[in-house]
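Peer 1: Encoded as structure tokens, here's the structure I'll be asking about.
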Amino acid sequence: MSWGEGAPCTQTEPDSWFPVGELGRAGRVRDLVAVCESCPVRGMCAAEALRIGAAHGVWAGVDLGDGDVTTGRARAQKHLTPIAFAWALEYTAQHPAVAS
């Protein structure tokens, strides 16, 4: 089972999550972020983005941008780490056998 199963983003074109230089990019990103707000796997998405070193696109409701890789990765560390950490804490609280 993939961590993304059941995520609303899987019902859309994957490239749509990586808007690059699009006219109207800000509006598109706003729509994508709204999809992420109620996503049941948002924390896992954040963790996956950090694991793979994502530097572009929208991950877990955070726009990493479409430009410089260093800036995108710094944005990921700053904004995705708390989301992933909160998910990990909640997960281990619900699954104590995993934490030990």
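All of the numbers you see were taken from the coordinates with simple rules; none came from a lab. Please read these numbers as outputs of a predicted model, since none were measured by experiment. Every residue, glycine among them, receives a Cβ derived from its backbone with ideal geometry; neighbour counts consider all protein chains shown.
Peer 1: Go through region 60-100 residue by residue and tally those that are crowded, with 17+ Cβ neighbours inside 10 Å, in contact (Cβ under 8 Å) with a residue 24 or more places away in the chain and either among the aromatic types (F, W, Y) or assigned to a helix (DSSP H, G or I) (or both).
Peer 2: 5
Peer 1: Go through region 8-47 and report how many residues are under 11 Å from the mean Cα position of the chain (by Cα) and either touching a residue at least 60 places away in the same chain (Cβ under 8 Å) or in a loop (DSSP other than H, G, I, E, B) (or both).
Peer 2: The qualifying residues number 2.
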